[in-house]
Amino acid sequence: MLRCSCVMFQAASCPKGQTPRMVRLKSTEGCCKLCADLWTGLLPLVITKVIMAFVLFGAVWSITEKECLPGGNLFGIVILFISAVCGGKLVGLIQFPTLPPFPPLLGMLLAGFVLRNVPYITSAVYIDQNWSAALRNIALAIILTRAGLGLDASALRKLKAVCLRVAVGPCMVEACTVALVSHFLMDLPWIWAFILGFVLSAVSPAVVVPSMLLLQKDGFGVDKGIPTLLMAAGSFDDVLAITGFNTCLGMAFSTGANAELKERNHCIICSNLLPLVNIIGSFSLDEDLVIRRSFLLLGLSVFAVFASRVAGFSGAGGLCTLVMAFLAGLNWKQSKVGGVKKTQEILKTQMWDIFQPLLFGLIGAEITISTLDPKTVGLGLATLSTGLVVRVAFTFAMVLVAGFNFKEKVFIALAWLPKATVQAAIGPTALDMARRQGDAVLEKYGMDVLTVAVLAILVTAPIGALSIGLAGPRLLRKQMDTNLGNKCPQGEALSLPLTGSVSIPQALTIQNFFKKTVALSVLLFEIIVP
């Protein structure tokens, strides 16, 4: 009989002439169950995982050779992804009682920043600019697709005037304020000043939504529908900021007398490709329909973002993606096989959870301390602070006659502070395009925009999360029965699902979908690109 420290083994009886095999006996009284489980379960699993990792590395190395070694792109991407995930987990562990957790994106951003600025690690973790731009553009396509699917036609009709004011007013006012201040303080041209303005004017759903859900769960502000109001208005705020950014970006980089007309026609043509996606999915009755729809929509979105840059009118790609996703949501809500909610779930669980660490890690890796201009940082912070002050004041003014008391108005204004996801997605886009053109002046403008965007994330994300967590229980009235909530200030029901799952009163048929697609596309771009 053989004795392990905790588990006993003995040779099992076997026919004469054969090698005895070892069998595990029941644990003795002094046996540690934890060690027994470790020996029989965890240890073999770890060994298997390590062997699989070495086999995968060997296969990739035999194909790519230097790319997966230190200094190669694949090695850098893998190390950056692992570091960003670990950084996000560590920041997510920082929790205080009665406060929402810190957003993990801060840890992802700081992980990329550290990898970029530590001397010996920088040379080993190298990622080519083209690879970095491609990964960030894919993440941008995912964000735009989710934003477009989150819009809902019936929700637009049900939204009260206060929600529209909160969504549109602060966004536009902050964009104009930042543009004005940055033009005179940072010497940015007007078009680049408005690019920076729309980059900073978007609120972060990654910070606002979890904080609002936590307050809603505890019953704070539910009687007047404040969490629902802010979550619904946030999606429209982001779409408006992204639309303004893409419009200004197209104006900054498009050339020629007919550039604006070509950009508009390109978006309309791309948006009218969407009925093909719906028709292909309509004739399928199996359970993979939602997966195929998600793949087709995301594939067209990625194609639109990249093809627009190749064609020379880059601003059209983001607008096209928003319109395609919005029109897809209109039609897919009528599907009996699967709707927008399942598509959004696939995009989040299978795509965004992978590209979020890459996006924020790559954004952090774009900032180098040695090349950072202290003057740009100071002026950028001044521009950001001015925009935030004006945004908070204007948000407070927008809800003066909305039926809220003074404390609730203050909370709504403070809740509109955080910035993170949209800034990380669109912040480096202008810099990437300037690098492609090889213009040193435009690259400086793009780096200034990216620097201020990163500062906005580092400053407003934690401050916004803490402001919501601290001010919510103190400024909002608690309702014990949260099932009676989701009411607007006037007392009427305001049911606004975050995933856009409200049914459309008038069904869209395939016959009139083409007409509605063309009409809506022309209307949207007549408004957006006058």
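No lab work stands behind these numbers, since they all come straight from the coordinates. All values derive from a computational prediction rather than experimental measurement. Note that we place each Cβ from the backbone using ideal geometry, even for glycine, and neighbour counts take in every protein chain shown.
Amide H to amide H, with H built 1.01 Å from N, PHE220 comes under 5 Å of GLN479, counting only residues 5 or more places away or on other chains. Here the 3J(HN,Hα) profile of region 385-398, calculated from phi with Karplus coefficients 6.51, -1.76 and 1.60 at θ = phi - 60°, is 5, 4, x, 5, 4, 5, 5, 4, 5, 6, 4, 4, 5, 5 Hz, Gly and Pro shown as x. Residues with amide H under 5 Å of GLY225's amide H, sequence separation 5 or more or different chain, H placed in the peptide plane at 1.01 Å from N; which? Close amide H contacts, sequence-distant or interchain: ASN486, LYS487. On the principal axes of its alpha-carbon atoms, region 324-477 has extents of 50, 47, 24 Å, going from largest to smallest. Annotation: amide H of ALA420 within the under-5 Å range of SER204, sequence separation 5 or more or interchain, hydrogens built in the peptide plane. Pairs LYS419/LYS444; LYS217/LYS419; LYS89/LYS478: which exceed 26 Å Cα-Cα? Listed pairs above 26 Å: LYS89/LYS478. Spacing of the modelled spin labels on PHE306 and THR376, each 7 Å from Cα toward Cβ, amounts to 2.8 nm.
A P(r) calculated from all alpha carbon pairs of region 152-243, with 10 Å bins opening at zero, reads 17, 38, 29, 13, 3 percent. For region 71-119, the pair-distance distribution built from all alpha carbon pairs, in bins 5 Å wide starting at 0, is 5, 23, 24, 21, 12, 7, 5, 2, 1 percent.
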